[in-house]
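One structure is given below, encoded as structure tokens.
The values are calculated or read from the model by the stated rules, or taken from the named source; none is laboratory data. As the structure is a computational prediction, the values presented were derived from the model and not from experiment. A quick note on method: Cβ atoms are made from the backbone with ideal geometry, for glycine too, and the neighbour counts reach across all protein chains shown.
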Amino acid sequence: MTDQKTLELEAAAYRRMRDHFRERTDVQNIDLMNLAGFCRNCLSKWYLQAANERGVEMDKAQSQEIIYGMPYAEWKEKYQSEATAEQLAGFEENKPKD
């Protein structure tokens, strides 16, 4: 497989994951963090880092809007619920140790 084809396939897989996260607004970021160790915010940070490394000027709000499909504040207001004690305990248990 060519490098270009690999790039195209990886980009298509990323877009499908991004769109899946946009559609599954019922899945909270804390649940993603507890199960997979990353969430929408992580993706937006990775996107921002990749853009900046390639000389593309972008800020945090712009990268979040790319991932969330809307401004982050709007997404939080519409879809984010308060974390339960169980979710917070799971997050503390599973977060990376420094």
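I'd like to check which helices (runs of 4 or more DSSP H) are fully inside the stretch 1-59 and have at least 1 residues that are of a type in the set (Phe, Trp, Tyr). Break it down into steps so the answer makes sense when it comes.
Working: elements: 3-23, 29-36, 40-53.
Per the criteria, 3-23, 40-53.
Is one or more of the residues making up the stretch 81-90 polar (S, T, N, Q), in a helix (DSSP H, G or I) and surrounded by 10 or more Cβ atoms within 10 Å (Cβ to Cβ)? Break it down stepwise before answering.
At the first step, the residues of the stretch 81-90 found to be polar (S, T, N, Q) are 81, 84, 87.
Applying the additional criterion that residues be in a helix (DSSP H, G or I) yields 87.
Subset that is surrounded by 10 or more Cβ atoms within 10 Å (Cβ to Cβ): 87.
Yes, the stretch 81-90 has at least one match.
If you go through the stretch 1-54, how many residues are within 16 Å of Tyr79 (Cβ to Cβ) and either touching a Lys or Arg at 6+ places or on another chain (Cβ under 6 Å) or among the aromatic types (Phe, Trp, Tyr) (or both)? Quick ask: steps written out before the conclusion?
The first filter runs over the stretch 1-54 and keeps only residues within 16 Å of Tyr79 (Cβ to Cβ), leaving 18-33, 39-41, 43-44.
Now restrict to residues that are either touching a Lys or Arg at 6+ places or on another chain (Cβ under 6 Å) or among the aromatic types (Phe, Trp, Tyr) (or both): 21, 29.
Matching residues across the stretch 1-54 total 2.
Which residue pairs have Cβ atoms under 9 Å apart, sit 6 or more places apart or on different chains, and have a first residue in the stretch 41-56 that is among the polar types (S, T, N, Q) and a second that is surrounded by 13 or more Cβ atoms within 10 Å (Cβ to Cβ) and assigned to a loop (DSSP other than H, G, I, E, B)?
Every condition considered, the pairs that remain are Asn52/Met58.
Step by step: first the residues of the stretch 21-39, then only those that are under 15 Å from Phe91 (Cα atoms) and touching a Leu at 6+ places or on another chain (Cβ under 8 Å), then the one that is surrounded by the most Cβ atoms within 10 Å (Cβ to Cβ). Which residue is that?
Cys39
Looking only at residues that are in contact with a helix residue (DSSP H, G or I) (Cβ under 6 Å, 6 or more places away or on another chain) and assigned to a loop (DSSP other than H, G, I, E, B) in the stretch 60-80, which one is surrounded by the fewest Cβ atoms within 10 Å (Cβ to Cβ)?
Across the stretch 60-80, the extreme among qualifying residues is Pro71.
Is it true that some residue in the stretch 6-19 is surrounded by 15 or more Cβ atoms within 10 Å (Cβ to Cβ), more than 30 Å from Ala89 (Cβ to Cβ) and at pLDDT 95 or above?
First, the residues of the stretch 6-19 that are surrounded by 15 or more Cβ atoms within 10 Å (Cβ to Cβ): 18.
Going one step further and asking which of them are more than 30 Å from Ala89 (Cβ to Cβ), we end up with none.
Taking every residue of the stretch 6-19 in turn, none turns out to be surrounded by 15 or more Cβ atoms within 10 Å (Cβ to Cβ), more than 30 Å from Ala89 (Cβ to Cβ) and at pLDDT 95 or above.
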